[in-house]
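Here is the structure we will look at.
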Amino acid sequence: KRRISSKKTPPGSLGIPMIGQSLSLLQHMRANTAEKWLEKRIQKYGPISKMCLFGKPTVFIYGQAANKFVFASDSSTLANSQTESVKTILGDRCLLELSGEEHKRVRNALMSFLKPESLKHYVGKMHQEVRLHIEQNWQGKQEVTVLPLMKTLTFNIICTLLFGIERGTRRDELVDWFQEMIAGMWSIPINLPFTRYNRSLQASKRVQDMLKDLIGEKKLQLQQMGADPKQDLITCLLSMNDGEEISEKEIVDNSVLVMTAGHDTSSVLVTFLIRLLANDPSVYKAVLQEQEEIAKSKHRGEPLTWEDLTKMKYTWRVAMETMRMFPPIFGGFRQAAKDIEFDGYIIPKGWQIFWVSSMTQMDDGIFREPQKFDPARFENPSSIPPYCYIPFGGGPRICPGYEFAKIETLVTIHHLVTQFTWKLSSDNRFSRDPMPVPTKGLPIQIVQKKQILQVS
Ligand code: HEM
């Protein structure tokens with residue numbers, strides 16, 4: 001103990017109380033210069049430095065060892081730390097709020113549906129959802145705006161596969177409340193009438209009530225109508241051990257979490273893939289070739305299968321390289337559960353630890369010529385040092401939606417490249433809010449391929 005207390009906190013300044021460097025970081029994120037801003041800190045202070053973010057003293061750490069420390073430490077060292085508003089809106093039994101054995105129990109329950117062996121049976125459903133989306137929103141158009149469309153698509157996929165909610169008024173109502181709910185997620189948690197936060201809390205209550213009603217119906221279907229326990233995530237969770245593995249409150253809170261965590265992230269990935277394919281004709285050509293090979297092996301209208309997805313190796317490498325350069329999640333926070341010694345400094349109990357995915361993903365000591373888009377980096381995954389490529393995080397909290405995101409991305413890109421060519425209508429810029437958002441939502445001019453028009 002004496003040895004630790006003789007150490008210093010990391011270099012840097014906490015700045016103005018409560019505000020610290022928050023505005024600077026947000027400003028740089030919006031201007032898309034946050035990585036440069038952090039690089040300057042690294043040049044000035046080294047790989048570990050202190051600042052104050054969103055009202056809390058924070059230690060920013062960078063490098064392979066730092067990422068390993070963040071992702072591999074258990075909850076007795078680093079607790080998961082969410083802002084007050086996130087905690088209240090998502091509910092206190094969602095995975096982000098659980099730790100240790102409880103976290104493991106609920107995560108295992110979710111994984112029983114989200115694991116590849118289970119998801120492989122839903123590729124056909126995903127295929128139908130994407131096909132319908134393209135028919136309704138792309139065909140016959142000359143220009144579309146990608147990001148809002150991808151948000152609609154990923155929301156619809158979640159409604160169908162995870163919640164088992166059919167298209168119609170219920171789904172439309174849910175999307176409206178959900179959007180209102182997430183709008184206030186990153187706000188100052190002062191619950192006064194007419195604030196964003198207040199509206200968001202009311203919307204969160206509405207979303208939760210709708211999910212409770214849905215759970216009631218699914219339970220009835222299971223008990224009285226012999227519904228297939230595997231028909232969607234909610235039915236699958238309800239069919240487990242009479243609430244011992246996961247309670248109804250946990251099902252509600254984690255459904256809200258899955259909707260939040262799985263919606264914007266995947267839509268950003270597909271949007272940036274579409275942007276990249278417009279900018280890089282040689283990559284587009286190689287992706288098209290891989291996808292056309294698969295399309296040729298199928299009958300007209302025959303849905304994609306798991307087997308087809310296993311052949312989309314190049315397309316997934318392009319997606320991985322897209323996430324290396326443009327990770328949907330910029331970074332995140334943990335909280336020191338006790339005084340911790342790291343890299344010769346002390347991180348006092350209660351301080352936040354801030355990790356940023358781009359810092360190792362764009363490090364030229366780890367990825368040669370990091371500014372160059374090169375999907376071949378992922379040909380041999382073992383050549384990438386552990387804890388350096390982290391778009392999905394790492395360790396026990398690594399994204400449980402990885403496989404789900406992979407399937408929806410591959411199925412969507414398959415449909416788009418085999419049916420359309422496109423070019424960007426506006427410039428190439430984007431900002432972070434906190435997810436990367438292309439200027440004007442990425443409008444593109446599209447041309448539907450004639451031969452596809454004839455066969456479909
Ligand atoms: C390209 C798409 C996605 C990306 C880049 C992504 C990224 C991430 C990252 C970085 C984390 C870890 C955060 C941390 O350690 O602090 C995470 C956690 C999580 N993600 Fe994803 N995600 C994606 C898609 C999805 C999907 C589709 C779902 C659901 C179907 C999902 C559900 C979750 C959940 C529930 C957690 C919390 C896990 C826990 O705390 O144990 N994600 N995601």
**Asked** Would you call Met259 within 16 Å of the ligand (Cβ to nearest atom), closer than 30 Å to Lys87 by Cα and modelled with pLDDT under 95?
**Response** yes
**Fill in**
Selection over region 54-111 where residues are among the hydroxyl-bearing types (Ser, Thr, Tyr), part of a helix (DSSP H, G or I) and farther than 18 Å from Val256 by Cα yields a count of 0
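Can Thr160 be described as part of a helix (DSSP H, G or I), crowded, with 19+ Cβ neighbours inside 10 Å and within 16 Å of the ligand (Cβ to nearest atom)?
Values: part of a helix (DSSP H, G or I): yes; crowded, with 19+ Cβ neighbours inside 10 Å: yes; within 16 Å of the ligand (Cβ to nearest atom): yes.
Against the criterion (part of a helix (DSSP H, G or I), crowded, with 19+ Cβ neighbours inside 10 Å and within 16 Å of the ligand (Cβ to nearest atom)), Thr160 qualifies.
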**Message:** Would you confirm whether or not region 302-322 contains a residue that is surrounded by fewer than 20 Cβ atoms within 10 Å (Cβ to Cβ), more than 16 Å from the ligand (Cβ to nearest atom), more than 23 Å from Cys399 (Cα to Cα) and hydrophobic (A, V, I, L, M, F, W, C)?
**Reply:** no
**Message:** For region 404-453, give me each residue that is polar (S, T, N, Q) and either within 16 Å of the ligand (Cβ to nearest atom) or closer than 26 Å to Ile182 by Cβ (or both).
**Reply:** Thr409, Thr412, Ser426, Ser431, Thr439
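Could you tell me which residue of region 12-50 is modelled with the lowest pLDDT, considering only residues that are under 28 Å from Lys440 (Cβ atoms) and touching a Phe, Trp or Tyr at 6+ places or on another chain (Cβ under 8 Å)? Please lay out each step first, then the result.
First, the residues of region 12-50 that are under 28 Å from Lys440 (Cβ atoms): 22-38.
Retained after the next criterion (residues that are touching a Phe, Trp or Tyr at 6+ places or on another chain (Cβ under 8 Å)): 22, 24-25, 28-29, 32, 34, 38.
Values: Ser22: 85, Ser24: 91, Leu25: 90, His28: 93, Met29: 89, Asn32: 90, Ala34: 93, Leu38: 96.
Among residues in region 12-50 that are under 28 Å from Lys440 (Cβ atoms) and touching a Phe, Trp or Tyr at 6+ places or on another chain (Cβ under 8 Å), the one modelled with the lowest pLDDT is Ser22.
Every residue, every condition in (1) modelled with pLDDT of 95 or more; (2) crowded, with 17+ Cβ neighbours inside 10 Å; (3) farther than 30 Å from Asp253 by Cβ, yes or no:
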| residue | (1), (2), (3) |
| --- | --- |
| Arg93 | no, yes, no |
| Leu98 | no, yes, no |
| Glu102 | no, no, no |
| Leu110 | yes, yes, no |
| Asn137 | yes, no, yes |
| Gln142 | yes, no, yes |
**Item:** Residue among Val417, Val411, Val437 that alone is out of contact with any Cys (no Cβ under 9 Å at 6 or more places or on another chain), surrounded by 15 or more Cβ atoms within 10 Å (Cβ to Cβ), β-branched (Val, Ile, Thr) and closer than 25 Å to Ala34 by Cα
**Value:** Val437
**Item:** Close pairs (6 angstrom Cβ cut-off, 6 or more residues apart or separate chains): touching a residue at least 40 places away in the same chain (Cβ under 8 Å) and part of a helix (DSSP H, G or I) in region 285-307, surrounded by 12 or more Cβ atoms within 10 Å (Cβ to Cβ) and of a type in the set (D, E, K, R) anywhere
**Value:** Ile294/Asp308; Ile294/Lys311; Trp306/Lys120
**Request:** Could you check how many residues of region 343-388 are within 16 Å of the ligand (Cβ to nearest atom) and at positive phi?
**Result:** 1
**Asked** Applying the selection to region 211-227, what residues are surrounded by 12 or more Cβ atoms within 10 Å (Cβ to Cβ) and outside any helix (DSSP H, G or I)?
**Response** Ala227
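Just checking, does region 378-385 include any residue being surrounded by 15 or more Cβ atoms within 10 Å (Cβ to Cβ), more than 30 Å from Lys298 (Cβ to Cβ) and within 22 Å of the chain's Cα centre (by Cα)? Don't jump to the end; show me each part of the working.
Initially, region 378-385 is screened for residues surrounded by 15 or more Cβ atoms within 10 Å (Cβ to Cβ), giving 378, 384.
Now restrict to residues that are more than 30 Å from Lys298 (Cβ to Cβ): 384.
With within 22 Å of the chain's Cα centre (by Cα) added as a condition, the list becomes 384.
Among the residues of region 378-385, at least one is surrounded by 15 or more Cβ atoms within 10 Å (Cβ to Cβ), more than 30 Å from Lys298 (Cβ to Cβ) and within 22 Å of the chain's Cα centre (by Cα), which makes the answer yes.
Considering every residue within region 240-255, establish whether at least one is among the small types (Gly, Ala, Ser), part of a helix (DSSP H, G or I), buried (at least 20 other Cβ atoms within 10 Å of the Cβ) and within 15 Å of the ligand (Cβ to nearest atom). Walk me through it before giving the result.
Step one: filter region 240-255 for residues among the small types (Gly, Ala, Ser), giving 243, 247, 255.
Applying the additional criterion that residues be part of a helix (DSSP H, G or I) yields 243, 255.
Then drop every residue that is not buried (at least 20 other Cβ atoms within 10 Å of the Cβ), which leaves 255.
Still in the list and also within 15 Å of the ligand (Cβ to nearest atom): 255.
Scanning region 240-255, I find at least one residue that is among the small types (Gly, Ala, Ser), part of a helix (DSSP H, G or I), buried (at least 20 other Cβ atoms within 10 Å of the Cβ) and within 15 Å of the ligand (Cβ to nearest atom), so the answer is yes.
Yes or no: Ile42 farther than 30 Å from Leu233 by Cβ, away from the ligand (no atom under 13 Å from the Cβ) and assigned to a loop (DSSP other than H, G, I, E, B)? Can you show your working first?
Numbers: farther than 30 Å from Leu233 by Cβ: yes; away from the ligand (no atom under 13 Å from the Cβ): yes; assigned to a loop (DSSP other than H, G, I, E, B): no.
Here the answer is no, as Ile42 does not meet what is asked.
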**Prompt:** If we scan region 262-276, do we find a residue that is farther than 25 Å from Cys159 by Cβ and either within 16 Å of the ligand (Cβ to nearest atom) or surrounded by fewer than 17 Cβ atoms within 10 Å (Cβ to Cβ) (or both)?
**Reply:** yes
**Tally of residues being within 28 Å of Glu84 (Cα to Cα) and crowded, with 18+ Cβ neighbours inside 10 Å across region 163-174** = 2
**Asked** Do you know which of the residues in region 114-131 that are without any contact (Cβ under 8 Å) to a residue 40 or more places away in the chain and more than 14 Å from Ile413 (Cα to Cα) is surrounded by the fewest Cβ atoms within 10 Å (Cβ to Cβ)?
**Response** Glu117
**Message:** With the condition being among the β-branched types (Val, Ile, Thr), I'd like the strands (runs of 3 or more DSSP E) fully within region 389-454 carrying at least 3 qualifying residues.
**Reply:** 443-448
**Long-range neighbours under 9 Å by Cβ, at least six apart or interchain, first residue free of Cβ contacts under 8 Å to residues at least 24 places away in the same chain within region 247-274, second in a helix (DSSP H, G or I)** = none
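Would it be correct to say that Lys87 is over 23 Å from Ser22 (Cβ atoms) and surrounded by fewer than 18 Cβ atoms within 10 Å (Cβ to Cβ)? Step through it out loud before you land on a result.
On the way: over 23 Å from Ser22 (Cβ atoms): no; surrounded by fewer than 18 Cβ atoms within 10 Å (Cβ to Cβ): yes.
No: the conditions fail for Lys87.
The values are calculated or read from the model by the stated rules, or taken from the named source; none is laboratory data. Note that the structure is a prediction, hence the values are computed from the model and not measured. Neighbour counts are summed over all protein chains in view; Cβ atoms, including those assigned to glycine, are modelled from backbone coordinates with ideal geometry.
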